[in-house]
1. Of the residues Leu269, Leu309, Leu280, which single one is in contact (Cβ under 8 Å) with a residue 60 or more places away in the chain and either in contact with a helix residue (DSSP H, G or I) (Cβ under 8 Å, 6 or more places away or on another chain) or not aliphatic (A, V, I, L, M) (or both)?
2. Taking into account only those residues within region 9-39 that are at pLDDT below 90 and of a type in the set (Lys, Arg), which is farthest from the chain's Cα centre (by Cα)?
3. Report yes if Arg275 is surrounded by 14 or more Cβ atoms within 10 Å (Cβ to Cβ), without any contact (Cβ under 8 Å) to a residue 12 or more places away in the chain and out of contact with any helix residue (DSSP H, G or I) (no Cβ under 6 Å at 6 or more places or on another chain), otherwise no.
4. For region 313-327, which residues satisfy the criterion of being closer than 17 Å to Thr151 by Cα and either at pLDDT below 80 or of a type in the set (Val, Ile, Thr) (or both)?
5. Within region 291-318, count every residue that is touching a Phe, Trp or Tyr at 6+ places or on another chain (Cβ under 9 Å), more than 16 Å from Asn185 (Cβ to Cβ) and open to solvent by 30 Å² or more (accessible area, probe 1.4 Å).
6. Any idea which of Ile108, Ile46 is surrounded by 15 or more Cβ atoms within 10 Å (Cβ to Cβ), β-branched (Val, Ile, Thr) and modelled with pLDDT of 95 or more?
7. Arg283 fails exactly one of the following numbered conditions: (1) more than 19 Å from the chain's Cα centre (by Cα); (2) among the basic types (Lys, Arg); (3) not in a loop (DSSP other than H, G, I, E, B). What is the number of that condition?
Amino acid sequence: MKQEILELLRGREDFVSGQELCERFGVSRTAVWKAVEQLKKEGYLIEAVRNRGYLLRDSDEVYSGNEIAGRLRTRWAGRPVYFYDSLGSTNLQAKMDAEKGAGHGTLIVADMQTKGRGRRGRNWSSPAGTNLYFTLILKPDFSPDTASMLTLVMAYAIARGIEKTASGQGKEEPDGLEIGIKWPNDIVVHGKKVCGILTEMSAERDYIHYVVIGCGVNVKKQNFGPEIASTAAALEEELKQKISRSGLLANVMEVFEREYEAFVETGSLKGLKDRYNALLVNRDREVCVLDPKGEYRGVARGINDAGELLVERSEGGLTAVYAGEVSVRGIYGYV
């Protein structure tokens, strides 16, 4: 009931009477009072006035499972949500939960991670009260060789989710925001990385047991280590505004659910390709492809329906680069 009361209060600009809450939820005034007191203990500023009722006041961010669930506008993405003050890794927890039967769309969120991992097993700094760490569990009914494209779907969802949050009006593609994607899945703001994505899968030859997509988004100002200080950034610092982690996560889930369903219909990125390419910071730039068979240079021309980066080489022709095999770097900097 706490969550339902919170949603009702959030949607009103004036006091909501205790009587209305009692009738809405079929409980006593004492039950309503206890639920409101619990919300106050979680950090919500709720004003209670005799003969007027309850009013939710603006306050510093409340970051909890109830807050996240109360902001979701999805049918399945992020439902249910499990929130932890601290975890070793949201991906590790998600994989354990998926093995035990957690359903499609289950969301694992942590305020901090003690064993966060990035690509190739690198450590991912995950302090408390600072960033957004979450993993989404998926149990799709398609071939394992298509699963790698889900990383690009999530990258697009995070980029658009940031736009929706930063605009303050829930708008995708607002004017003046320099948010893009460095292929395949780094989210960049003003040329600096603000998000990393790690996708892992458990599958047999032609059957997916589950896919987990773990994301870490730098939200609040922080001190980055010397090895990444020149390429990493935090959203609030770059966008010059406060960002609600709960609100951002809800926006990401909303975009992801929509784009995932479109992806499942086509079995490819055909429907997303043009919109993804519009955000691609590598596009029409010279890049260096770090291929184990030998690195080479070319001009990135965007992705194809399979999410591969098309690189135009100096000797002519396009080479399709698969993200799982190679890395791509800008010639004159990170992007």
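1. Unique residue meeting the criteria: Leu269.
2. The selected residue is Arg12.
3. Judged against the criteria, Arg275 is not a match.
4. Of everything in region 313-327, those that are closer than 17 Å to Thr151 by Cα and either at pLDDT below 80 or of a type in the set (Val, Ile, Thr) (or both) turn out to be Val321, Gly324, Glu325, Val326, Ser327.
5. Result for region 291-318: 2.
6. Result of the check over Ile108, Ile46: Ile108.
7. (3)
Okay, residues lined up against (1) out of contact with any strand residue (DSSP E or B) (no Cβ under 7 Å at 6 or more places or on another chain); (2) of a type in the set (A, V, I, L, M):
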{"position": "Phe224", "(1), (2)": "no, no"}
{"position": "Ala232", "(1), (2)": "no, yes"}
{"position": "Leu235", "(1), (2)": "no, yes"}
{"position": "Glu259", "(1), (2)": "yes, no"}
{"position": "Phe263", "(1), (2)": "yes, no"}
{"position": "Gly271", "(1), (2)": "yes, no"}
{"position": "Arg275", "(1), (2)": "yes, no"}
{"position": "Leu280", "(1), (2)": "no, yes"}
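The values are calculated or read from the model by the stated rules, or taken from the named source; none is laboratory data. Not measured: the values here are computed from a predicted model. Using ideal geometry, Cβ is built from the backbone for each residue, glycine included, and neighbour counts are taken over all protein chains shown. In case anyone asks, the SASA skips ligands and DNA or RNA and just uses the protein heavy atoms, side chains included. Shrake-Rupley method; radii C 1.70, N 1.55, O 1.52, S 1.80 Å.
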